[in-house]
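Asks: Here it is, the structure in full.
The values are calculated or read from the model by the stated rules, or taken from the named source; none is laboratory data. Model, not experiment: these values are computed from the prediction. Ideal geometry is used to build each Cβ from the backbone, glycine not excepted, and the neighbour counts take in all protein chains shown. Note: accessible area is taken over every heavy atom of the protein model, side chains too, but ligands, DNA and RNA are not part of it. Shrake-Rupley method; radii C 1.70, N 1.55, O 1.52, S 1.80 Å.
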Amino acid sequence: MSFLLAFCVGFPMAAGVISYILGRYHKKARDYFADGAAILTFGLLLFLMVQTAAGKISGDFGFTVPGVCGFGLHFALDGFRALYSVIAAFMWMMTTLFSGEYFAHYRNRNRYYLFLLITLGATVGVFLSADFYTTFIFFEIMSLASYMWVAHDERKESLRAAGTYLAVAVIGGLVMLMGIFLLYSVTGTLLFEDLKGFLAEYEQKVNVDGSVPGGVRTLWAAGICLLFGFGAKAGAFPLHIWLPKAHPVAPAPASALLSGILTKAGMFGILVLSDYLFLGNGQWGSLILITGVCTMALGAVLALFSVDLKRTLACSSVSQIGFILVGVGMAGLLGGENLLATRGALLHMVNHSLIKLVLFMAAGVVFMNVHKLDLNDIRGFGRKKPLLNYIFLMGALGIGGFPLWDGYISKTLIHESIVEYTVLLAEGAAAGIFSVGAMRIIEWIFLISGGFTVAYMTKLYVVLFLEKNRDEEVQRKFDSLKGAYMNRVSAFALALPASLLPIMGFFPDFVMNGLANMGQDFLQARGAERISYFSIGNLKGGLISILIGAAVYFVVVRLWMVKRTKEGSVYLNRWNPYLDLENLVYRPVLLRFLPFVLGVACRVLDSLVDALVVFLRKTLYRDSALPHELEEGTALTHMLGCFANGMLKIANATVFRRKKKHIDFEHKYAMIYEELMEDSIIIRRSLSFGLLLFCGGLLVTVVYLLFL
């Protein structure tokens, strides 16, 4: 049965190709086939998850495809992998069903379904991977295939955002590959299970002189490189720049997957690093915590200031990834008592995936009808639409962390882990770079970021469902849609995941704890603590965030971001465009400054080589004088030229008698021959030079590995 792991990866990719071919002959058949492929993939993965939960699949359940680049592809299945593969397939199933109506008037639908299903297979491949090589292969396939989602519209802004997305993905992939090289050079393996606790064991080894082995530094370098690559896909600060750009221009079903599941593929890599290679390492936990706090706060601020529906949700994704990273960082700091933090990070991953599936598809319904995303243009669209109101409200309450909804459960666990570590620091039972005061500041940043989440989701809900459009005619048009704004299939695809959110929050001991139990072994969770989710102390943290959110909404949004005019109120974008990191730092540095500096350096080096050659030819290798003029061409060009000259003389005496032509074919053919020979020499020299550079680089790499 283990072959099903490879089948669940390969089948969606093959189905994508078949759907493309099918779509060239019958559009409806293609849509139904894509729906069926997504449903079948979900069914197979759900079957595997049920088998895993029932204990019928052991921990060594896996499948290997040998001979791929010498390493082979390694797949494994456990509770966490089964859980997140099912979540990925569920999200693909819902978005594929919704895509039928959403793309009804789009071009290039064949291309969309092709890359939709290829990306599904690649994403499942990431979550089922058992080693970093397999993860890297499917990670890159996933990144390149999903590029087509962002560029789907082929508009100028879409192509620019797609370029940013691809640049971050490619640079992250290259850095990740370097990390894999460094990791393998020290450990000799890339299998996750073989790397468990490797750094801690390696640090315990002491050289003859009492120093720590130099490979520790290499392991840290490998970890930082891998964190860079995975963090780029997860949308962690400062590599988050693609998220706010890609989501507004990508189709809504693609945005739901980009935000809800592809970012979790990046988080999967970070979890493997944190819970295997750097297991229990406080320094690594501190690094992840700092990254998480910055990502959490920045994303919340960006979302609050946004006046674009999908951009707000995209920036919200950045913030929620920060919440997850805070949980991962706290798990590293707590070490042997990391149960709360680990379960909180895992559950917030699950919650965020489902919540963003709901919210982005709801945004897709708005765009599908209005074809606009600016809050001033879509204001009042949701009035008199109770189903859409219910769907959006479930997502808003979930992500806002309101009690009895799923987001409250995961945020409470992460918050309690912060409180627990602060208490341990105060008692002197924990160590690290953070003081008690610093941890209390982090706790307040956590609560305030949660408050900002409440504020910007309140802003979106009020705009869509409570306020009226400034244009009365537009509002009448919105109201007249009533039940005609989406079909039954789309309504099912949105209402089902929306209904899961309160169920997960109402029954946390049954649902949420069950999900956490499935994944905690993979994440190396330790401890035996249980938490009462609805105790006064835990409700207090959630209520503080809600009160902060209410204050921020009324003070910042209503008094500062809303301008009153004669025609009605207008939402203003108060974010200074000069604070855009992409335009402020990345594009000037990566696309202008670095190419200019490196280009000048290459020109200088190239000129130095030419100058050296000229100097040697003028001194040591001085050219000797030619005894006579070199002959032109070859015997063949001479023969052909003489024949052509003779034919031209005959033509000038007859056909061209009035307008004679004077061409020296012997010289012409000789010049053609010389030009061909010169091109051949240049090509041979270029190839030789390239091979020489490659050999030089390979030699340097070998020397580095030998003496590391």
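Asks: At a 1.4 Å probe, what is the % contribution of carbon and sulfur to the accessible area of the chain?
Replies: On the chain, the fraction of accessible area on carbon and sulfur atoms equals 67 percent.
Asks: For region 316-336 and region 415-470, what is the centre-to-centre distance using only Cα atoms, to the nearest Å?
Replies: Centre-to-centre (Cα) distance: 12 Å.
Asks: Also, quick follow-up: Specify whether the C-alpha gyration tensor of region 1-145 places it in the rounded, prolate or oblate class, a ≥ b ≥ c being the square roots of the eigenvalues: rounded for a/c under 1.5, otherwise prolate if a/b is larger than b/c and oblate if not.
Replies: Working: a/c = 2.41, a/b = 1.62, b/c = 1.48.
Here region 1-145 falls in the prolate category.
Asks: Here is a further query. In nanometres, what is the gap between the two model label sites at LYS468 and PHE492, each 7 Å from Cα along Cα-to-Cβ?
Replies: It is 3.8 nm.
Asks: Going through region 394-482, which trypsin sites (Lys or Arg not before Pro) have at most 14 other Cβ atoms within 10 Å and a DSSP loop state?
Replies: Values: sites: LYS411, ARG440, LYS459, LYS468, ARG470, ARG476, LYS477, LYS482; in loops: LYS468, ARG470.
When the trypsin sites (Lys or Arg not before Pro) of region 394-482 are filtered for loop state and at most 14 Cβ neighbours within 10 Å, LYS468 remain.
Asks: Ok, one more. Hey, with R₀ at 51 Å, roughly what FRET efficiency would PHE506 and ARG160 work out to, going by the Cβ-Cβ distance, to 0.05?
Replies: Details: r = 44 Å, r/R0 = 0.86.
That gives a FRET efficiency of 0.70.
Asks: Now for a different question. What lysines sit close enough to LYS660 to cross-link, taking a C-alpha to C-alpha distance under 23 Å and skipping anything fewer than 8 places away on the same chain?
Replies: Those lysines meeting the cut-off are LYS649, LYS668.
Asks: Another one. Going through region 1-80, which trypsin sites (Lys or Arg not before Pro) have at most 11 other Cβ atoms within 10 Å and a DSSP loop state?
Replies: On the way: sites: ARG24, LYS27, LYS28, ARG30, LYS56; in loops: ARG24, LYS56.
Sites meeting the loop and neighbour criteria: ARG24, LYS56.
Asks: Let me ask something else about it. Relative to the compact globular guide of 2.2 N^0.38 Å, what is the alpha carbon radius of gyration of region 66-115, as a ratio? Before the final figure, lay out each step's value.
Replies: On the way: Rg = 16.5 Å, N = 50, 2.2 N^0.38 = 9.7 Å.
Ratio of Rg to 2.2 N^0.38 Å for region 66-115: 1.70.
Asks: Turning to a different aspect of this structure: Would you mind calculating the gained length between SER435 and THR189 on full extension (0.36 nm times residue separation, minus the Cα-Cα distance), in nm to one decimal?
Replies: 84.8 nm
Asks: Any idea what the relative contact order of region 227-304 is, in percent, if you count C-alpha pairs under 8 Å spaced at least 6 apart? Intermediate results must be reported in sequence, preceding the final value.
Replies: On the way: 50 pairs, mean separation 28.6, N = 78.
Relative CO of region 227-304 lands at 37 percent.
Asks: At a threshold of 8 angstrom on Cα-Cα distance, excluding pairs fewer than six apart, so keeping six or more, what relative contact order does the chain reach in percent? If you can, show how the numbers build up before the last one.
Replies: Working: 1056 pairs, mean separation 78.2, N = 708.
Reported as a whole number, the value is 11 percent.
Asks: Taking 35 Å as R0, compute the FRET efficiency from the Cβ-Cβ separation of ARG107 and ARG558 and round it to 0.05.
Replies: Details: r = 41 Å, r/R0 = 1.17.
Efficiency, rounded to the nearest 0.05: 0.30.
Asks: Further question on the same structure: Please report the spacing between the Cα centers of region 143-189 and region 70-121 in Å, no decimals.
Replies: With region 143-189 and region 70-121 each reduced to a Cα centre, they are spaced 18 Å.
Asks: Once you've got the Cα coordinates, tell me which of LYS385/LYS477; LYS385/LYS468; LYS372/LYS482; LYS233/LYS372; LYS385/LYS563 are over 23 Å apart.
Replies: Details: LYS385/LYS477 13 Å; LYS385/LYS468 13 Å; LYS372/LYS482 19 Å; LYS233/LYS372 27 Å; LYS385/LYS563 27 Å.
From LYS385/LYS477; LYS385/LYS468; LYS372/LYS482; LYS233/LYS372; LYS385/LYS563, over 23 Å: LYS233/LYS372; LYS385/LYS563.
Asks: What's the longest piece of the chain with no exposed chymotrypsin sites (Phe, Trp or Tyr not before Pro), counting a site as exposed if DSSP puts it in a loop and it has at most 10 other beta carbons within 10 Å?
Replies: Values: sites that count: TYR25, TYR621, PHE707.
After excluding every exposed loop site, the longest remaining stretch is 26-620.
Asks: Please sort by residue number the trypsin sites (Lys or Arg not before Pro) in region 99-146 whose DSSP state is loop and whose Cβ has at most 14 other Cβ atoms within 10 Å. Write out the running numbers ahead of the final one.
Replies: Values: sites: ARG107, ARG109, ARG111; in loops: ARG107.
Passing sites in region 99-146 are ARG107.
Asks: Per residue, how large is the accessible surface of the chain? Use a 1.4 angstrom probe and give square angstrom. If you can, show how the numbers build up before the last one.
Replies: Details: 32540 Å² over 708 residues.
Here the residues of the chain average 46 Å² of exposed surface.
Asks: Right, something else. Positive end of the dipole of region 180-329, charges at C-beta (+1 Lys, Arg; -1 Asp, Glu), about the Cα centre: which of ALA297, LEU183, GLN283 has its Cα farthest in that direction?
Replies: So the residue furthest toward the plus end is ALA297.
Asks: Which value, in debye to the nearest 20, gives the size of the charge dipole of region 255-410 about its Cα centre, when Lys and Arg are +1 and Asp and Glu are -1 at the Cβ? Let's see the in-between values first.
Replies: Values: 10 positive and 6 negative charges, 120 e Å.
For this selection, approximately 580 debye.
Asks: Between TYR390 and VAL65, what is the label-point separation in nm under the 7 Å Cα-to-beta-carbon projection?
Replies: 4.3
Asks: How large, in Å, is the chain by the Kirkwood hydrodynamic radius built from its alpha-carbon pairs?
Replies: Details: mean 1/r = 0.0351 Å⁻¹.
Answer for the chain: a Kirkwood hydrodynamic radius of 28.5 Å.
Asks: With each label point set 7 Å from Cα along the Cα-Cβ vector, what nm distance links VAL50 and ASN573?
Replies: Those two pseudo-labels are separated by 4.9 nm.
Asks: Looking at the chain, identify the longest residue range that excludes and avoids all GluC sites (Glu not before Pro) in DSSP loops having at most 14 other Cβ atoms within 10 Å.
Replies: Formally, the longest exposed-site-free interval is 155-426.
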